[in-house]
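Down below is the structure, laid out as structure tokens.
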Amino acid sequence: MMQRALIILLLLCTACVSELAPVPELQYDLEHLESTTTPLTEQQRAALDGVYVVEQGKGAFGDTVVGRWINDRFCLYAIHDVVFAELAGGARQDSIILGGYYRIVRSGRGATFGFGMKGDDQTLDGTTSDGERLSFRRVRDAYQSPPPIHVLAHRGGGRNSERLGVSENSMAMVRYASILGATGVEIDVKQTRDGEIIVFHDDTFSPRTVVGAYLLGRVDAFRLTDIKRYGQLIHGESIPTLDEMLAMIVDSTQLSFVWIDVKDAHSVDRIIKAQQQASEYARALGRTLEIIIGIPTSDVFTAFLRSPQANNIPFLYELDAETALAYPNCRVWAPRWTNGIPSSQIDALHAQGKLVFTWTLDVRDYIADFLYGSKIDGILTNYPSLVNAMHSVQY
């Protein structure tokens, strides 16, 4: 009887998960465009970086966008809404040819499009797959703060993964984070029944986050082998271990910061081991990458202090500023933005060489308050493209 009731409950829970409207896949063969153009020189690439006035295409992009090269992709970020574009391309004769797609993250809507820039002209002209004309005129360089601000993507890239076709806290999402405008990521970790550490946010597997009829219930009720065998993240990716995720970040991204958000106090020692191994691996490869253990609660902090390695491990502290100031190996103080962050506390942390981050900022006006009205060093957000753009348009 109990088993039957449980099955009925699971079916009801599954039925309660709302279906989002489908979003366009926006297929564009970026690699083909690269193969049919000549690679741009460093001077040509640098000339494309900057702030652009939108003369045509304001409906999707607003009045201003920022263009940045992220490795071999040219990315555009709007400041009026959460809109980003990923493009590839090169030179043909005396013109620069770019093509790709844009997406409006809040709705998932978007289109593919192509751009051209002739000679020394500073204007990108093109047309979307919907027939809309685009014209972006470069007006100046993007702002670079000394030192650069940390734009940190929540849950590996943003808790808006349902609008991107990539699952939160997946390796695919973390690879995508730079394209979204992030310089670093926050990832969540949970411990399995057999003591392994996986990258996952919730206490339970549910139809919101995973697919797999046999993977429902508390995370700590499942062994890692069963998790790998019976379930996947909501968009089909494997649920990664922390070791797998950190190795991928070192090998396959240019991210400069990883914030490991510890959910289980009893998992601290295993997380420290993973952090140390990945940090040593990054140093051996000459990678500039900080991997920091995040302390969100007093229980986790107590467990952290009990570790034999506690005095040597850099950590991020989310609670009071006084404790962050008291521990030399506290690298970052990261209070929630709604708690308020007095400038005197920021100055005190900076005097000790520590950083100050805040979380989770998604509303444009509040982002502006911290970007333009404080000395904050980093912002955790679900919308890294918006934070990146708003930071870059400063004079």
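Just a yes or no: is a residue in the range 148-162 buried (at least 20 other Cβ atoms within 10 Å of the Cβ), on the phi > 0 side of the Ramachandran plot, modelled with pLDDT of 95 or more and part of a helix (DSSP H, G or I)? Among the residues of the range 148-162, at least one is buried (at least 20 other Cβ atoms within 10 Å of the Cβ), on the phi > 0 side of the Ramachandran plot, modelled with pLDDT of 95 or more and part of a helix (DSSP H, G or I), which makes the answer yes.
Scanning the range 14-36 for residues that are of a type in the set (A, V, I, L, M, F, W, C) and closer than 29 Å to Val210 by Cβ, we see that the one that is modelled with the highest pLDDT is Leu26. For the range 233-249, name all the residues that are in a helix (DSSP H, G or I) and touching a residue at least 40 places away in the same chain (Cβ under 8 Å). If the condition is that a residue be in a helix (DSSP H, G or I) and touching a residue at least 40 places away in the same chain (Cβ under 8 Å), then Leu242, Asp243, Glu244, Met245, Leu246, Met248, Ile249 are the ones that fit.
So, in the range 76-120, how many residues would count as being closer than 19 Å to Glu25 by Cβ and touching an Asp or Glu at 6+ places or on another chain (Cβ under 6 Å)? Qualifying residue count, the range 76-120: 3. Which residue pairs have Cβ atoms closer than 6 Å, lie 6 or more positions apart in sequence or on different chains, and pair a first residue in the range 123-138 that is under 14 Å from Leu87 (Cβ atoms) and modelled with pLDDT of 95 or more with a second residue that is aromatic (Phe, Trp, Tyr) and surrounded by 15 or more Cβ atoms within 10 Å (Cβ to Cβ)? Matching pairs, first to second residue: Leu124/Phe115; Leu124/Phe136; Gly126/Phe113; Gly126/Phe115; Thr128/Phe113; Phe136/Tyr52. Across the range 123-147, which residue is nearest to Ala334 (Cα to Cα) among those that are assigned to a loop (DSSP other than H, G, I, E, B) and in contact with an Asp or Glu (Cβ under 9 Å, 6 or more places away or on another chain)? Step by step, filter the range 123-147, then rank; the result is Pro147.
Listed by first and then second residue, the pairs with beta-carbon distance under 7 Å, at least 6 apart or on different chains, first residue in the range 325-344 and in a strand (DSSP E or B), second at pLDDT 95 or above and surrounded by fewer than 19 Cβ atoms within 10 Å (Cβ to Cβ), are Arg331/Pro314.
From the residues in the range 205-236 that are of a type in the set (Val, Ile, Thr) and buried (at least 17 other Cβ atoms within 10 Å of the Cβ), which one is farthest from Ala172 (Cα to Cα)? Give the derivation first.
From the range 205-236, those of a type in the set (Val, Ile, Thr) are 209-211, 219, 225, 227, 234; that's our starting set.
Right, trim to buried (at least 17 other Cβ atoms within 10 Å of the Cβ) and you get 209-210, 219, 227, 234.
On the way: Thr209: 15, Val210: 15, Val219: 21, Ile227: 18, Ile234: 12 Å.
Here the residue is Val219.
Per the listing Gly378, Gly353, Gly373, the residue uniquely exposed (fewer than 12 other Cβ atoms within 10 Å of the Cβ) and within 30 Å of Asp49 (Cα to Cα) is Gly373. State all residues of the range 306-318 that are assigned to a helix (DSSP H, G or I) and either closer than 13 Å to Pro328 by Cα or under 24 Å from the mean Cα position of the chain (by Cα) (or both); if no residue qualifies, say none. Ala310, Asn311, Asn312, listed by residue number.
Could you list, ordered by first residue, the pairs with Cβ atoms under 8 Å in which the first is in the range 358-374 and in contact (Cβ under 8 Å) with a residue 40 or more places away in the chain and within 14 Å of Val393 (Cα to Cα) and the second is of a type in the set (S, T, N, Q) and surrounded by fewer than 19 Cβ atoms within 10 Å (Cβ to Cβ), at least 6 apart or interchain? Close Cβ pairs (under 8 Å, with a partner that is of a type in the set (S, T, N, Q) and surrounded by fewer than 19 Cβ atoms within 10 Å (Cβ to Cβ)) amount to Leu371/Gln394.
Look at Leu355 and say whether it is more than 27 Å from Ser167 (Cα to Cα) and in contact with an Asp or Glu (Cβ under 7 Å, 6 or more places away or on another chain). Answer is yes for this residue. Report, by residue number, each residue of the range 283-305 that is part of a helix (DSSP H, G or I) and touching a residue at least 24 places away in the same chain (Cβ under 8 Å). Hits for the range 283-305 are Asp299, Val300, Thr302, Ala303, Phe304. Taken as a whole, the structure leaves Ala348 outside the set of residues that are more than 22 Å from Thr183 (Cα to Cα), buried (at least 20 other Cβ atoms within 10 Å of the Cβ), touching a helix residue (DSSP H, G or I) at 6+ places or on another chain (Cβ under 8 Å) and modelled with pLDDT of 95 or more.
The numbered conditions (1) farther than 28 Å from Asp29 by Cα; (2) touching a residue at least 40 places away in the same chain (Cβ under 8 Å); (3) in contact with a Lys or Arg (Cβ under 7 Å, 6 or more places away or on another chain) are all true for Val219 except (2). Taken together, Phe257, Phe315 contain a single residue that is at pLDDT 95 or above, in contact with an Asp or Glu (Cβ under 7 Å, 6 or more places away or on another chain) and buried (at least 16 other Cβ atoms within 10 Å of the Cβ), which is Phe257. Within the range 35-61, being on the phi > 0 side of the Ramachandran plot and either among the acidic types (Asp, Glu) or part of a loop (DSSP other than H, G, I, E, B) (or both) holds for one residue alone: Gly57.
The values are calculated or read from the model by the stated rules, or taken from the named source; none is laboratory data. It should be emphasised that the depicted structure is a prediction, and the values quoted were computed from it without experimental measurement. Don't worry about glycine lacking a Cβ; one is built from the backbone with ideal geometry, like all the others, and counts go over all protein chains shown.
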